[in-house]
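**Student:** Quick one: the structure is below, and I'll ask about it shortly.
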Amino acid sequence: MGAMPAHYGAMLQPIDDNLWHATHAFTATGLPITTRMTVVRLPGRKLLLHSPIPLTSALRGQLEELGAVAFIVAPNKMHHLFLAPCMTAFPGAAVYGPCGLRQKRPGFGAMLELPAGDVPAWLPDLEHLAFDGIPAGCESVWFHRPSATLIVTDVLQWMRGDLAWATRAYATLTGVRRGLAVPRTVRALVRDRAAAARSAQRVLQWPFTRVVMAHNAIVDTDAHDQAAQAFAVL
């Protein structure tokens, strides 16, 4: 118990006040997986799209009802597959990405690099931290203070629910099938263990009671304790 499975289908579902999500099923290197976009509504009805997914007309209509898309974020160097169409759909939005993504994808020339700490335009509702020590991902994490929600992408995962056999096997091998964990694939990419441990401790200073991650559960029971246990491997 303590986690909600993914909702499959690209329609926004509410998580809390001013916080929504939608999931997209696709195949990555032959593996059927889902990924989650999280939508945060900031003061002034400004929307932030975290880890965009393909925009159907229905999903775009939902977003337009909620507010104006002001910020689009690629949260690490892997979660950018659907960024370009989203940038085209919302040309007035400020686009942020991690260190190294502009070198990896020069076509994202207008993208701003996420800083180490907070982005003033998102405060006070949304706090930001670049997770250090894992340069292959350059992942960032967020704390939505009004809903006490931690938003992560790959550094924490829990692949729950009815999954394809290959996906279940992958989740088991990487240690994210039975509970919230730092995947073995991410642990293998740690290059500065002390820096990663410091980032984990900084994350745990936030008083979150929920964890929303890209793959694939939403943890809303004992979330802080479960995250602390997961980060202990760092």
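**Student:** Once you keep just the Cα pairs under 8 angstrom separated by 6 or more residues, what percentage relative contact order results for the chain?
**Tutor:** Normalised by residue count, the contact order of the chain is 18 percent.
**Student:** Another question about this same structure. Can you tell me what share of the DSSP beta bridges in region 112-212 is antiparallel? A percent to the nearest 5 is fine.
**Tutor:** In region 112-212, DSSP labels about 75 percent of beta bridges as antiparallel.
**Student:** For the chain, what does -39500 (n - 2.57) per DSSP helix run (n ≥ 4), summed and divided by total residues, give at 222 nm, in deg cm²/dmol to the nearest 500?
**Tutor:** It comes out at -6000 deg cm²/dmol, rounded to the nearest 500.
**Student:** Give the order of T23, T38, T209 when sorted by the count of other beta carbons within 10 angstrom, beginning with the fewest.
**Tutor:** T209, T23, T38
**Student:** Given a Förster radius of 22 Å and the C-beta distance between A169 and A25 as r, what FRET efficiency does 1/(1 + (r/R0)^6) yield to the nearest 0.05?
**Tutor:** 0.80
**Student:** Please find, in a Gaussian network model of the chain (springs between Cα atoms separated by less than 10 Å), the residue of F131, F208, F82 whose mean-square fluctuation is greatest.
**Tutor:** Comparing F131, F208, F82 in the GNM, the peak value goes to F82.
**Student:** Still on this structure, please answer the following. Under 11 Å from the Cβ of Y170, count the other residues' Cβ atoms, weight Lys and Arg +1, Asp and Glu -1, and hand me the total.
**Tutor:** My count for the surroundings of Y170 gives +3.
Laboratory data are not the source of any read-out in this text; all were calculated from the coordinates shown. Since we're looking at a predicted model, the values are computed, not measured. In this analysis, Cβ positions are derived from the backbone assuming ideal geometry, glycine residues included, and neighbour counts consider all displayed protein chains.
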